[in-house]
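Trainee: A single structure is presented below for examination.
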Ligand code: AMP
């Protein structure tokens, strides 16, 4: 299963992605997480991204596209993946299409978590409080001011992806305002529906392929039969017999034509003779 989770910050993408990981045995590829790790390790990418992330801006496309391309090549992504936080712009979505095409991979679905913006601030505040309670460091971009900026970015740059994927018939929208459990169940439901649809389509395609192959075999057999006929009986004879319906037709037509050419009486030849005899008798009778 290869999925994208789409939704504004605080829509529950991370939580649902973790559940999908368990359910389908696939990996979660979160560009936000990878960038935070790069910042923590102070790699060249991390150093570049640090300031942008702290202000709620978007890290340049070429950086995130490079990260994702490398990550897709890792063996653990071979079984499938969930992209969380990527793509975030139409340019990234186009780059992803290119990457997947080159890697001969097909995207199964894009799950959009739709939420009320008014609830997001509350959610992000709750997330920060829970993180603090666990004694962990709160994300630098989980503040009301930065969230406002991240939301504005989402609206301007990421929301167009809803049309992008709906045009490509990949979009599945789920109400993200329900409880975590309900959202998980709903995602499960929409994903199994596409699973069934794809299984049906695959079955239909295989039936079509089999029928086409059978038709091709039949249309080839007369030539095969004709070639083999000179070689003697056996398989060749069988093939000729298969082709026989075509060969039979002209013969039966010929017979029909021949019988149509003959006058009704000539079918035996007796009728004409009988007529002549009757005429002779009548002439004799007249003379007498
Ligand atoms: P997230 O954890 O997905 O909310 O991402 C945290 C931050 O990382 C974002 O606010 C961006 O600054 C940056 N980021 C993550 N993913 C991307 C992306 N696909 N394109 C650009 N910037 C990103």
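Laboratory data are not the source of any read-out in this text; all were calculated from the coordinates shown. Everything numeric in this text was worked out from a predicted model, so none of it was measured. When we count neighbours, we look across all protein chains shown, and the Cβ atoms used for this are built from the backbone with ideal geometry, even at glycine.
Trainee: Taking every eigenvalue of the Cα gyration tensor of region 104-160, multiplying by 5 and rooting it, what semi-axes result, largest first, whole Å?
Mentor: Ellipsoid semi-axes (Å, largest first): 26, 16, 12.
Trainee: Place a point 7 Å from the Cα of residue 55 along the Cα-to-Cβ direction; which residues of region 122-141 have their backbone N under 18 Å from it?
Mentor: 140-141
Trainee: Expressed as cubic angstrom per residue, what is the convex hull volume of the alpha carbon set of region 2-177?
Mentor: Values: hull volume 21.1 nm³, N = 176.
Given the Cα convex hull of region 2-177, per-residue volume reads 120 Å³.
Trainee: Please compute the modelled spin-label separation between residue 212 and residue 167, points set 7 Å along Cα→Cβ, answer in nm with one decimal.
Mentor: 2.9 nm
Trainee: If you don't mind, there's one more thing I want to ask. What nm distance separates the two modelled labels at residue 40 and residue 103, each placed 7 Å from Cα along Cα→Cβ?
Mentor: Here the modelled spin labels are 2.3 nm apart.
Trainee: Using a Förster radius of 22 Å, what is the FRET efficiency between residue 143 and residue 182 based on their Cβ-Cβ separation? Nearest 0.05, please.
Mentor: About 0.15, to the nearest 0.05.
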